[in-house]
Amino acid sequence: MNLLKLIFGGGRNVVAETAGVFMENTEAGAQRRADYAQSALGQFGAEFQVERKGRFDRFMDGLNRLPRPFIVIAIFSLFASAMFDPLWFAERMQGLVLVPDPLWWLAGTIVAFYFGGRFQMKSQEFSQAITQSTARLPQVLESISQIRALRHDSPGAAETGTDAGLSEAAIEPSDNEAVRAWREGGK
């Protein structure tokens, strides 16, 4: 009795406490993993919150969209001018020959960084949009299944359920002339 009181006495379980030193408590480990997963998901979700842009940000986004269309319009205008007035075009191109190479390199670097940075920003926004769309996938699939259940050829679409009056009305002969003619074989 004293041996059992020594091992299990005082409301303590010395065997369980000793085993806890050498083995992980599975219940506590599962709780730690669940807490970790929950905090990781919370952090991931916080990264993809919808950012509300102010007027200035929207204005700058609109302004940043102008260079690409202007560049395309300018290049095609140069092609057109080369066809309609080759001498005017040749004079302008001779002026571009005078631009020093370092200035061309600088212009190329600026354009590359502008479009590269813009591409990076837009690709991140696209990733956010994909994540948000993916989060709505279960609701969309549920809506699609509800819509498909309404189709006339869906199994159980004409099911009357427990409504006895509706069941009787469904099997009652119709006085529709077209249905009657069909039943009689088109006579």
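Some observations on this one:
For (1) β-branched (Val, Ile, Thr); (2) within 23 Å of Ile130 (Cβ to Cβ), each residue gets a yes or a no:
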position	(1), (2)
Val15	yes, no
Phe22	no, no
Ala28	no, no
Gln43	no, yes
Gly54	no, no
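- One residue from Ala90, Ala82, Ala74 being at pLDDT 85 or above and in contact with a helix residue (DSSP H, G or I) (Cβ under 6 Å, 6 or more places away or on another chain): Ala82
- Residue check for Gln132: open to solvent by less than 100 Å² (accessible area, probe 1.4 Å), assigned to a helix (DSSP H, G or I) and within 30 Å of Lys53 (Cβ to Cβ): yes
- Test result for Ser81, part of a helix (DSSP H, G or I) and open to solvent by less than 60 Å² (accessible area, probe 1.4 Å): yes
- Among residues of region 174-187 being outside any helix (DSSP H, G or I) and at pLDDT 75 or above, the one that is surrounded by the most Cβ atoms within 10 Å (Cβ to Cβ) is Asn176.
The values are calculated or read from the model by the stated rules, or taken from the named source; none is laboratory data. Predicted model, so just to flag it, every value in this text is computed and none were measured. Note that each Cβ is placed from the backbone with ideal geometry, even for glycine, and that neighbours are counted across all protein chains shown. Quick note on the areas: whole protein, heavy atoms, side chains included, nothing else; ligands and nucleic acids left out. Shrake-Rupley method; radii C 1.70, N 1.55, O 1.52, S 1.80 Å.
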